[in-house]
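This report concerns only the one structure given below.
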Amino acid sequence: MQKPELIDEARTPAGERIRLTRESGYLVVHVDNVMLMSSSEHHSEELMATIGCEGVREKTDARVLVGGLGLGYTLRAALDAVGPSATVVVCELLEAVVAWNRTHVGHLAEHPLDDPRTRVEVRDLVEYVRSRPEPFDAMLLDVDCGPDSFTSKGNGRLYDRSGLALLRELIRPGGALVVWSAYDCPPFVKDLRKAGFEPKVVTARGRGNRGARHTLYVGRR
C-alpha cells in the first residue's frame, strides 16, 4: 500500500493535529488518527443541500447556512440549488480548512469560495447562531459525526432543547434544517418534533449507491 502523502497540517483550537493528505489519488482530512472526510465519498453531503434547498431557487434574496466547509461539496451543491440573488453563508471553525479550500482542494467542488454569493464566517457555529443572524431558508449542518456523538463536545449545544429552539427561530417559515450523521440516532427524530419541526429521515450512501451509509435528519418548519 502506498504511503499517504502529507500535503499540509495544522492544529485545532483544542490542540488536535489536523492533516490534509493524498491517499490512493484521493484527498483526505484526518484529525489526530481519525479520518474525518475524503474526496472519495461525498454524495450524502451533496444530497443534504439538494433536500434542504428544495424550493429555494425561486425565492428572491434567499439565504442558506452551511455549517462546516469540509472539502466544499455541500457548499457547491447549495450554490447550485439557489438563484443568482441568494446568499450562502458557510461557517467553518478552522482557518486551515478554509485555506486548504483556497489552495489545495478548491478544484474538487469547482472553487465554491470564489462564488460571489458565498460569505465565509471563520468561527464556531454555536457562537455564530447565538449571534442571531438574519434568518435562513435552509440550514445544512455537518459539523460533527452526528447529533449525539461529538468530536467537539460543544457542538452538543446545537442539538439540545434550547439549541434546536434557536435553530428553528433562525429558519424562515417553510424552510428546512438538515443534520448530517454518520449513524442512526432515532431519539433525534423525537427531539426535532418536540422543537416544532416536521421531521423526516433520509438514508444516503457516500458514493451514490455504494460506500458508507449515512443518515440525514431533515426538520422542516
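Looking at VAL34, VAL90, VAL56, VAL28, which one is out of contact with any strand residue (DSSP E or B) (no Cβ under 6 Å at 6 or more places or on another chain), among the hydrophobic types (A, V, I, L, M, F, W, C) and at negative phi? So that I can check it myself, show each step before the final result.
Details: VAL90 fails: out of contact with any strand residue (DSSP E or B) (no Cβ under 6 Å at 6 or more places or on another chain); VAL56 fails: out of contact with any strand residue (DSSP E or B) (no Cβ under 6 Å at 6 or more places or on another chain); VAL28 fails: out of contact with any strand residue (DSSP E or B) (no Cβ under 6 Å at 6 or more places or on another chain).
Step by step, each of VAL34, VAL90, VAL56, VAL28 is checked, and only VAL34 is out of contact with any strand residue (DSSP E or B) (no Cβ under 6 Å at 6 or more places or on another chain), among the hydrophobic types (A, V, I, L, M, F, W, C) and at negative phi.
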Scan region 20-34 and tell me whether some residue there is closer than 25 Å to GLU127 by Cβ, in contact (Cβ under 8 Å) with a residue 24 or more places away in the chain and not aliphatic (A, V, I, L, M). no
With respect to the numbered conditions (1) touching a strand residue (DSSP E or B) at 6+ places or on another chain (Cβ under 7 Å); (2) on the phi > 0 side of the Ramachandran plot, which one is the sole condition not fulfilled by GLY196? (1)
Looking at region 37-73, which of its residues are over 19 Å from GLU92 (Cα atoms) and either without any contact (Cβ under 8 Å) to a residue 12 or more places away in the chain or of a type in the set (Lys, Arg) (or both)? ARG57, LYS59
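Taking the condition touching a helix residue (DSSP H, G or I) at 6+ places or on another chain (Cβ under 8 Å), modelled with pLDDT of 95 or more, basic (Lys, Arg) and under 25 Å from PRO147 (Cα atoms), does ARG117 pass? Spell out how you get there, then give the answer.
On the way: touching a helix residue (DSSP H, G or I) at 6+ places or on another chain (Cβ under 8 Å): yes; modelled with pLDDT of 95 or more: yes; basic (Lys, Arg): yes; under 25 Å from PRO147 (Cα atoms): no.
Taking the combined requirement at face value, the residue does not satisfy it.
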Considering each residue of region 26-44, count those that are assigned to a loop (DSSP other than H, G, I, E, B) and either within 26 Å of ALA78 (Cα to Cα) or touching a Lys or Arg at 6+ places or on another chain (Cβ under 7 Å) (or both), and give that number. 5
In contact with a helix residue (DSSP H, G or I) (Cβ under 7 Å, 6 or more places away or on another chain), surrounded by fewer than 22 Cβ atoms within 10 Å (Cβ to Cβ) and among the aromatic types (Phe, Trp, Tyr) - does that describe any residue in region 139-152? yes
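In the set ARG172, ARG220, which member is modelled with pLDDT of 95 or more, surrounded by fewer than 19 Cβ atoms within 10 Å (Cβ to Cβ), touching a strand residue (DSSP E or B) at 6+ places or on another chain (Cβ under 7 Å) and more than 22 Å from SER39 (Cα to Cα)? Please lay out each step first, then the result.
Values: ARG220 fails: surrounded by fewer than 19 Cβ atoms within 10 Å (Cβ to Cβ).
The conditions single out ARG172.
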Assuming ASP114 fulfils every condition listed in (1) among the acidic types (Asp, Glu); (2) crowded, with 18+ Cβ neighbours inside 10 Å; (3) out of contact with any Asp or Glu (no Cβ under 9 Å at 6 or more places or on another chain) apart from one, which condition is it? (2)
Does ARG76 count as of a type outside the set (A, V, I, L, M, F, W, C), crowded, with 20+ Cβ neighbours inside 10 Å and without any contact (Cβ under 8 Å) to a residue 40 or more places away in the chain? yes
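The values are calculated or read from the model by the stated rules, or taken from the named source; none is laboratory data. Quick caveat: nothing in here was measured; it's all calculated off a predicted structure. Cβ: placed from backbone, ideal geometry, glycine included. Neighbour counts: every protein chain shown.
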